[in-house]
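The values are calculated or read from the model by the stated rules, or taken from the named source; none is laboratory data. Please read these numbers as outputs of a predicted model, since none were measured by experiment. Every residue, glycine among them, receives a Cβ derived from its backbone with ideal geometry; neighbour counts consider all protein chains shown.
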Amino acid sequence: MKILKGIFNLLYPIKCIKCGKPGNYLCPGCNQTLIRHKNNRCAFCGELSRNGQSCPDCLLKTSINQVLICFEYDQETLKSLIYLLKYKSVRLIARDLAHIYFKELVKLIKLDNPKKTLITCTPMHQKKELIRGYNQASQIAGCLSQLLNLPFLPDLLVKIKPTKAQMALQNHSARKLNLKNSIKLNDKYTEKNLLKNKTVLIVDDIMTTGATFLECSKILSGSELNQIIALAFARQFLSSKTKT
Ligand SMILES: [Zn+2]
Ligand SMILES: [Zn+2]
């Protein structure tokens with residue numbers, strides 16, 4: 001195992017992917033040069049709003065109260081980080097991403113009662129997870145839960161049918177349709193009142209149209225939650241070209 005780890009470290013040494021400085025996959029200096037997402041609009045319709053709060057109109061359609069995002073996706077460094085996390089099994093990147101989330105976004109989250117708050121992630125179908133080895137959103141969410149000292153329920157939501165990659169679909173309705181009936185609440189959390197009055201933070205790596213978050217919130221909407229806050233590392237817009 002140690003030999004395998006050694007080979008792995010040789011292939012993907014822990015160094016900043018932008019400047020090569022050892023220690024982190026994104027060093028603090030290069031982190032500062034990346035373009036931040038402003039979080040000054042409703043993530044679903046684009047109306048101006050404070051700290052990514054959903055606007056009153058969108059709150060009629062979703063139970064997500066707030067969406068917070070760290071970066072704009074269309075930056076080479078960001079794309080490389082997420083590519084390594086998703087496709088090259090560099091799971092330690094999740095730790096660095098969680099630290100950035102923690103420092104950047106935590107001050108924008110107002111938790112009424114941290115004792116009644118928990119973290120989960122957007123789910124991945126079991127087959128896909130077996131092939132990839134892990135759900136990258138779960139990796140980030142797990143690290144984040146340690147930093148925030150909040151309970152982590154990685155299996156709160158379950159993907160019950162495989163779907164096409166959202167990235168392959170170029171409009172919101174196709175993405176919404178792709179996810180329809182694909183997610184359910186894990187049976188072990190359907191017990192009466194288990195989630196009642198809780199705040200749930202749902203973590204994902206990239207948000208595009210928000211279809212995944214919306215589907216997750218739909219599943220959670222019957223659980224009498226206090227609020228749902230969606231956290232994404234990067235925001236990608238459909239007009240942007242993507243290589244990953
Ligand atoms: Zn650097
Ligand atoms: Zn809105």
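Per-structure values
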item: Among the residues listed as 67, 90, the single one being in the same structural domain as residue 222 (by TED's automatic domain parsing), assigned to a loop (DSSP other than H, G, I, E, B) and touching a helix residue (DSSP H, G or I) at 6+ places or on another chain (Cβ under 8 Å); result: 90
item: Counted residues, region 43-74 - those being in contact with a Gly (Cβ under 8 Å, 6 or more places away or on another chain) and away from ligand 2 (no atom under 12 Å from the Cβ); result: 2
item: Scope region 132-149; condition of a type in the set (A, V, I, L, M) and surrounded by fewer than 18 Cβ atoms within 10 Å (Cβ to Cβ); matching residues; result: 147
item: Helices (runs of 4 or more DSSP H) enclosed by region 99-192 - at least 2 residues per element that are touching a helix residue (DSSP H, G or I) at 6+ places or on another chain (Cβ under 7 Å); result: 136-148, 172-179
item: Selection count, region 62-77, where residues are more than 15 Å from the chain's Cα centre (by Cα) and touching a residue at least 60 places away in the same chain (Cβ under 8 Å); result: 5
item: Condition check for residue 157: at pLDDT 85 or above and within 18 Å of residue 219 (Cα to Cα); result: yes
item: Leading residue by the ranking (modelled with the lowest pLDDT) among those in region 97-154 that are among the aromatic types (Phe, Trp, Tyr) and touching a strand residue (DSSP E or B) at 6+ places or on another chain (Cβ under 7 Å); result: 101
item: Residue within region 78-98 that is free of Cβ contacts under 8 Å to residues at least 24 places away in the same chain and acidic (Asp, Glu) present; result: no
item: Residue count for region 15-31, restricted to those that are touching a residue at least 12 places away in the same chain (Cβ under 8 Å), more than 7 Å from ligand 1 (Cβ to nearest atom) and either aromatic (Phe, Trp, Tyr) or part of a loop (DSSP other than H, G, I, E, B) (or both); result: 3
item: Any hit, region 65-82, residues being surrounded by fewer than 20 Cβ atoms within 10 Å (Cβ to Cβ), closer than 24 Å to residue 157 by Cβ and away from ligand 1 (no atom under 16 Å from the Cβ); result: yes
item: Residue 40 surrounded by fewer than 18 Cβ atoms within 10 Å (Cβ to Cβ), without any contact (Cβ under 8 Å) to a residue 24 or more places away in the chain, in the same structural domain as residue 122 (by TED's automatic domain parsing) and within 16 Å of ligand 2 (Cβ to nearest atom); result: yes
item: Hits in region 193-220 - residues which are outside any loop (DSSP other than H, G, I, E, B) and closer than 20 Å to residue 111 by Cβ; result: 199, 200, 201, 202, 203, 204, 213, 216, 217, 220
item: Near pairs, Cβ below 9 angstrom, 6+ apart or cross-chain, from region 108-125 (free of Cβ contacts under 8 Å to residues at least 60 places away in the same chain) to any residue that is of a type in the set (Lys, Arg) and surrounded by 15 or more Cβ atoms within 10 Å (Cβ to Cβ); result: 124/159; 125/159
